[in-house]
Amino acid sequence: QVQLVESGGGLVQPGESLRLSCAASITNFPINPMGWYRQAPEKERELVATFNRDGSIEDADSVEDRFIIYRNKARNTLFLRMNAMKPEDTAVYYCRGNYGSALVWGQGTQVNVSS
């Protein structure tokens, strides 16, 4: 089963940076990763940042000016650069994409921000 695969999670200290990546589990499979979501313990999954179909970017107020979403279209890979990280950024980060009209989710990657 083809799916989206996230990578790059881990443990960082407050103020540090981390980069997440997302791509289809089979190279060149036509799943288009579009956005990042996260879910902290005992909280609902929330939008972090996403590309809209028109190419515009939508992101959460809590990460604006700290997190940057970008993509390599040639390699169909999505990235999330997270700067000036805070303990409240601790969560499982999920990539979401489109396969035709269907939504596809990755399995998630854990990000912990702690001193």
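The values are calculated or read from the model by the stated rules, or taken from the named source; none is laboratory data. Quick caveat, the model's predicted, so the values are computed rather than measured. Note that each Cβ is placed from the backbone with ideal geometry, even for glycine, and that neighbours are counted across all protein chains shown. Quick note on the areas: whole protein, heavy atoms, side chains included, nothing else; ligands and nucleic acids left out. Shrake-Rupley method; radii C 1.70, N 1.55, O 1.52, S 1.80 Å.
Could you give the length gained by full extension between residue 2 and residue 17, i.e. 0.36 nm per residue of separation minus their alpha carbon distance, to one decimal place?
Length gained, residue 2 through residue 17: 2.4 nm.
The stretch 15-64: Rg/Rh from Cα coordinates, Kirkwood Rh?
1.01
How large is ³J(HN,Hα) for each residue in the stretch 72-84, as worked out from phi by the Karplus curve 6.51 cos²θ - 1.76 cosθ + 1.60 (θ = phi - 60°), to whole Hz, x for Gly and Pro?
Each residue of the stretch 72-84 in turn: 10, 5, 4, 9, 6, 10, 10, 10, 9, 8, 10, 10, 6 Hz.
Which FRET efficiency value, to the nearest 0.05, do you get for residue 73 and residue 47 by plugging their Cβ-Cβ distance into 1/(1 + (r/R0)^6) with R0 = 30 Å?
With a Förster radius of 30 Å, E is 0.90.
From the Cα gyration tensor of the stretch 70-115, with a ≥ b ≥ c the square roots of its eigenvalues, which class applies: rounded if a/c is under 1.5, or else prolate if a/b is larger than b/c, or else oblate?
Numbers: a/c = 3.61, a/b = 1.80, b/c = 2.01.
Oblate, because a/c is 1.5 or more while a/b does not exceed b/c.
Quick one: Cα centre-to-centre distance for the stretch 1-78 and the stretch 83-97, in angstrom?
9
Work out how much length residue 58 to residue 86 would gain on full extension: take 0.36 nm times their residue separation and subtract the Cα-Cα distance, in nm to one decimal.
Full-extension gain reported as 8.0 nm.
Percent of accessible area on the chain owned by carbon and sulfur, 1.4 Å probe? The partial results should precede the final answer.
Values: 2960 of 6610 Å².
Reported share for carbon and sulfur atoms: 45 percent.
Can you run phi through the Karplus equation (6.51, -1.76, 1.60; θ = phi - 60°) for the stretch 95-101 and list ³J(HN,Hα) in whole Hz, with x for Gly and Pro?
So the Karplus estimates, Gly and Pro as x, are 9, 10, x, 10, 10, x, 8 Hz.
Using the Cα atoms of the chain to build a convex hull, what is its mean projected area in square nanometres?
Details: hull surface 28.3 nm².
Across all orientations, the chain yields a mean hull projection of 7.1 nm².
With every protein chain present, what is the per residue accessible area of the chain (1.4 Å probe, Å²)?
Using a 1.4 Å probe on heavy atoms only, each residue of the chain averages 57 Å².
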